[in-house]
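Structure first, then comments.
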Amino acid sequence: MARAHPGVEVELKPSAAVLHTRNARGRGSHNATESALEYAVTLPEVTVTPGKEVVEFSVVHTSKGAAIETLARASAADAWLYLGDDVTDETVFGRLEQADMGIKVGDGDTAASHRVAGTDEVVAVLARLAELRRES
């Protein structure tokens, strides 16, 4: 698929392959995504997760939400902050508990309790958080 659509790349991970379409030219992003999703139905043992200009093919059934919960338990965190801009980040936002904070970056439906417009606002949020930590 990547060879058929200039600018499309494949990222290999230990248990997954991710088709990145962000740099495709013209309708290449849309066409590569459609091809990937059509191909996905032929892979019953693979978890396919479409995201923002990506399609992930994984042989391990997991999510960002499950990963964050595992990290939180392993670190004994009593709360966590998560910022995300992709539809795949919704698996995290959907697992937020009362002490946690999720911030959606950009437009789109979300389960996050807060939203910022873009990366400039992310920088401001993190700077303010660092300031509050220094003060406490």
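Might you let me know whether segment 61-74 holds any residue that is among the hydrophobic types (A, V, I, L, M, F, W, C), touching a residue at least 24 places away in the same chain (Cβ under 8 Å) and out of contact with any strand residue (DSSP E or B) (no Cβ under 8 Å at 6 or more places or on another chain)? Give the steps one after another, and end with the answer.
Just the residues of segment 61-74 that are among the hydrophobic types (A, V, I, L, M, F, W, C), to begin with: 66-68, 71-72, 74.
Keeping just the survivors that are touching a residue at least 24 places away in the same chain (Cβ under 8 Å) gives 66, 68.
Going one step further and asking which of them are out of contact with any strand residue (DSSP E or B) (no Cβ under 8 Å at 6 or more places or on another chain), we end up with 66.
There is at least one residue in segment 61-74 that is among the hydrophobic types (A, V, I, L, M, F, W, C), touching a residue at least 24 places away in the same chain (Cβ under 8 Å) and out of contact with any strand residue (DSSP E or B) (no Cβ under 8 Å at 6 or more places or on another chain).
Residue by residue through segment 13-26, note down the ones that are free of Cβ contacts under 8 Å to residues at least 24 places away in the same chain and either exposed (fewer than 11 other Cβ atoms within 10 Å of the Cβ) or touching a Phe, Trp or Tyr at 6+ places or on another chain (Cβ under 9 Å) (or both).
The answer is 14, 25, 26.
Scan 36, 79 and give me the residue that is closer than 25 Å to residue 110 by Cβ and either in a loop (DSSP other than H, G, I, E, B) or free of Cβ contacts under 8 Å to residues at least 12 places away in the same chain (or both). Steps first, please.
On the way: 36 fails: either in a loop (DSSP other than H, G, I, E, B) or free of Cβ contacts under 8 Å to residues at least 12 places away in the same chain (or both).
After applying the criteria, what remains is 79.
Identify all residues within segment 117-136 that are open to solvent by less than 40 Å² (accessible area, probe 1.4 Å) and in contact (Cβ under 8 Å) with a residue 24 or more places away in the chain; write none if there are none.
122
Has segment 100-107 got any residue that is part of a helix (DSSP H, G or I) and within 19 Å of residue 53 (Cα to Cα)?
Of segment 100-107, the ones part of a helix (DSSP H, G or I) are none.
Looking through segment 100-107, none of the residues is part of a helix (DSSP H, G or I) and within 19 Å of residue 53 (Cα to Cα).
Can you work out which of the residues in segment 27-71 that are out of contact with any helix residue (DSSP H, G or I) (no Cβ under 7 Å at 6 or more places or on another chain) and of a type in the set (Asp, Glu) is surrounded by the most Cβ atoms within 10 Å (Cβ to Cβ)?
The selected residue is 56.
Hey, residue 113 hits all of (1) open to solvent by 70 Å² or more (accessible area, probe 1.4 Å); (2) within 14 Å of the chain's Cα centre (by Cα); (3) without any contact (Cβ under 8 Å) to a residue 24 or more places away in the chain but one; which does it fall short on?
Unmet condition: (2).
The values are calculated or read from the model by the stated rules, or taken from the named source; none is laboratory data. Everything numeric here is computed off the predicted structure, so don't read it as measured data. Cβ atoms come from the backbone with ideal geometry, glycine included; neighbour counts cover every protein chain shown. Quick note on the areas: whole protein, heavy atoms, side chains included, nothing else; ligands and nucleic acids left out. Shrake-Rupley method; radii C 1.70, N 1.55, O 1.52, S 1.80 Å.
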